[in-house]
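Please treat every number below as a calculation from the coordinates, not as lab data. Note that this is a predicted model, so its numbers are computed, not measured. A quick note on method: Cβ atoms are made from the backbone with ideal geometry, for glycine too, and the neighbour counts reach across all protein chains shown.
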Amino acid sequence: MKPYLPLRTEDYFGKAAGLQAPWRASKCAVNDVTRTVHLWVTNQAVEFEQRHGWFGAKTVQMAPRQTHLTDRHWRHVDCMDYTCFIHTADSLEPADHELDWFGPPDLPFTKRIAKKIFLLLMEGTDLQVICDIFKVPFAELWKFKYDLDNGLLHFEYTPSARRKRKDYLPPVASEATRLIAIASDVQNNRETLIGVPEMTDPVWEKLITGGLNIQIKTLGFQLLLTKLRQQVRLLQSADVKIMKLRELHRYVERHERVLKHELAQLNQD
Amino acid sequence: MNALNQVLVDPPDAAKLIRSGAYLAIAGDEAVLVGLPKGNWIGGTIPYFMARDGGETSREKVFITALDAQGLTARITQYDATRLPQVCLEAPDNGFSMIILPAFSQIHFEFAKNAPMYDDMYLKPLIGWVSGIHLDDMGLRSPKVIDGRTGELLENRAVVLHMPLPENISVNVNIVNLFSPGSGDVIEFDDGGFEASTCVINGQPTPLAQYLRAIGHDTRLPLVADYNGARINVSFKSINPDSGVITFYGPVFPHTQYRLAQPLADSYETAFERSTAELVNACFSCNCVLNYLYCELEGKRTGRVIGPMTFGEIAYQLLNQTAVHMTLERH
């Protein structure tokens, strides 16, 4: 029969970290100087032993056995003002790396924090802002984005209502909006005819997938489009493709005044 | 707007310009650079220049590019390899950043391989060059960059001058690449990097060194890839006949189709003059030391494109055997 033992501090931290059985927290350490919480996680069953002392027998929980030579750790979501790290000395199966409280072997974040970062990236949040929010070094965040861009990581993304309104207009509605805008431009101001097509315009998808080729005179645009096309070819995720489309649109919007030649072709399509 | 602001001068003239408080990029021999006063400048070692009077090798003179801040304040920053991916994020919203990297260093390789993936890359103009050494000093000295604010010589850091510009000025970055892909086979690489032994030619894995030997290719002619109209070179550095390993001056990238460049129809300077006839004076330009050496440009002129002859040119990403040319346009 399993003896009754009250919850220990590490058990509470384990719950807060989102651990699910058979995974449990075996140890925790709080460092007030560095303001960090370190939580050791294992999936070894709890073992008990009876120890006999001067005041009779006592049931104590044994420490998990060390099964992996090196302690591996990942940065997890913060525990209030304290930065949280999840450690394990267990040997992990490939599927274990998919758990929310661990991360891939070469990623410094847990899956949970990676999902949050991915969400912010998809919402168009600036990298420096993400670094500030999660207190992560820029180099680590950049590597994470590099892996995403090159199809080495995959996450699902459900756009926020605001983002849906901005990016996910049905193409037909968007096309109709564009035609109305063009018609009104003809009447009012021909200059705006070579404006930047909306983000939802199918022309961007055609351009980024190579379905549309235009003559590009601007070096930055030539190099960016080459990179984005290569990345889109490699990507498994439609979500990351949206991120790439946004990158393309942002470039053209920003350089509108020097891209007249290119925009004239995009608006003809 | 694009004044004649690039000039090869003696150190006393350079010192005068530095003391005026101007923002400068300076190329010269290490011994000369360390003797210059501190100020708003970044520099890199190189003794090869294309001056207005023609190509010149000098350990005594320095080539100065004066960058007009248009009344705004520029910022000089050093980057190590860890921080370098932030370089474009830290660039001004409107303006440009000039970067100088020391050749053959870890940061040079980091930039060469990963720059296209940096955030905000291509969104904000990044131009510059890779410092080098006199070829007689190979193995004796190492390429360096210098932070003019402190006079610090750096072997494994980049120095960057972030130059903001008023909203009504835009920056145009162009390249002049005389090499065009020949009509030969399509060459691809499974893995990117500065060296390769095998490649994929027309879909078939092939030892590259053997292939080049078989077709009698002159390795002064680079590999050329078409980046949506921009011709981007990768230059050959060496071929090890025993191992068959080929090294390059810049990295090859996977999923990119290369062809070997065709020989130039004219002399380099004639072809260059023709391709740059319509270019206006640049506010910054540089060219490749391989063009200087292979095309024997000492004493010869290359039109309006002057500047240091470098161990790598940067127009957003690292380039080889290419001239970089930047102009400003007022709207």
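Under the classification rounded if a/c is under 1.5, otherwise prolate if a/b is larger than b/c and oblate if not, where does the stretch A:106-155 fall, given a ≥ b ≥ c as square roots of the Cα gyration tensor eigenvalues? It is rounded, given that a/c, with a ≥ b ≥ c, falls under 1.5. Take B:60-73, A:255-268 and order them by the average number of nearby Cβ atoms within 10 Å per residue, most first; the result is B:60-73, A:255-268.
For chain B, a Gaussian network of Cα nodes joined below 10 Å ranks B:ASN156, B:ASN287, B:ASN172 by mean-square fluctuation, and the top entry is B:ASN172. In the protein assembly as shown, the C-alpha radius of gyration followed by the widest Cα-Cα span (Dmax) gives 28.4, 101 angstrom. Under the rule a/c < 1.5 gives rounded, and otherwise a/b versus b/c splits prolate from oblate, where does the stretch B:55-126 land using the Cα gyration tensor? It comes out oblate by the Cα gyration axes. Multiplying the residue separation of B:ASN5 and B:VAL34 by 0.36 nm and removing their Cα-Cα distance gives an extension gain of 8.2 nm. Within the stretch B:146-190, what residues put their amide N at less than 13 Å from the label point 7 Å along the Cα-to-Cβ vector of B:ASP93? Inside the label zone: B:165-168.
Remark: the stretch B:298-304, residue by residue, has Karplus-estimated 3J(HN,Hα) of 4, x, 9, 9, 10, x, 8 Hz, where x stands for each Gly or Pro and the curve is 6.51 cos²θ - 1.76 cosθ + 1.60 at θ = phi - 60°.
With the biggest extent put first, the Cα atoms of the stretch B:1-126 measure 39, 36, 27 Å across the principal axes. Across the stretch B:187-260, Cα pairs under 8 Å and at least six residues apart give a relative contact order of 41 percent. Could you pull out which residues in the stretch B:77-110 have an amide N less than 20 Å from a spot 7 Å beyond the Cα of B:LEU140, following the Cα-Cβ vector? Correct set: B:103-104. So for the protein assembly as shown, taking the charge dipole from beta-carbon charges (+1 Lys/Arg, -1 Asp/Glu), which of B:ALA69, A:ALA21, A:ILE216 sits furthest toward the positive end? The listed residue farthest towards the positive side: A:ALA21. In this simple spin-label model, placing a label point 7 Å from the Cα along the Cα-to-Cβ direction at both B:VAL186 and A:VAL46 gives a separation of 6.3 nm. Would you work out if chain B is rounded, prolate or oblate? Take a ≥ b ≥ c from the square roots of the eigenvalues of the alpha-carbon gyration tensor; rounded if a/c is under 1.5, else prolate when a/b is larger than b/c, oblate otherwise. Cα axes put chain B in the prolate bin. Each helix, a run of at least 4 DSSP H residues, gives -39500 (n - 2.57); summed and divided by the residues of chain B, these come to -3500 deg cm²/dmol at 222 nm. With each label modelled as a point 7 angstrom along the Cα→C-beta vector, the A:ARG257-A:ASP11 pair spans 6.6 nm. The smallest convex shape that holds all Cα atoms of the stretch B:187-260, its convex hull, gives 84 Å³ per residue. Per-residue mean of foreign Cβ neighbours for B:228-234 is 6 (Cβ atoms of other chains, 10 Å radius). Among the residues of B:115-127, the average count of other protein chain beta-carbon atoms within 10 Å of the residue beta-carbon is 5.
Couplings for the stretch A:119-135, taken from phi via the Karplus curve 6.51 cos²θ - 1.76 cosθ + 1.60 with θ = phi - 60°, read 4, 5, 4, 5, 7, x, 6, 4, 4, 5, 5, 4, 4, 5, 4, 9, 6 Hz in order; Gly and Pro are left as x.
Using Cβ point charges alone (K and R +1, D and E -1), the dipole size of the stretch B:192-331 about the Cα centre works out to roughly 100 debye. Model label points for A:ASP71 and B:GLU296, set 7 angstrom from Cα along the Cα-to-Cβ axis, are 6.8 nm apart. If you take the beta carbon distance between B:THR73 and B:ASN240 as r and set R0 to 51 Å, what does 1/(1 + (r/R0)^6) give as a FRET efficiency, to the nearest 0.05? E(calc), rounded to 0.05, equals 0.55. With 18 Å as the cut-off, how large is the P(r) tail for the stretch B:222-288, expressed as percent of Cα-Cα pairs? It works out to 55 percent of all Cα pairs.
One chain, two ends: B:ASN202 and B:GLU167. Fully extended at 0.36 nm per residue, the span grows by 7.8 nm beyond their Cα-Cα distance. A Förster distance of 45 Å, applied to the separation of the beta-carbon atoms of B:HIS331 and B:ASN156, puts the FRET efficiency at 0.70. Using +1 at the Cβ of each Lys and Arg and -1 at the Cβ of each Asp and Glu in the stretch B:140-212, identify which of B:GLY193, B:ASN168, B:LEU178 lies farthest towards the dipole's positive end. In the stretch B:140-212, that residue is B:ASN168.
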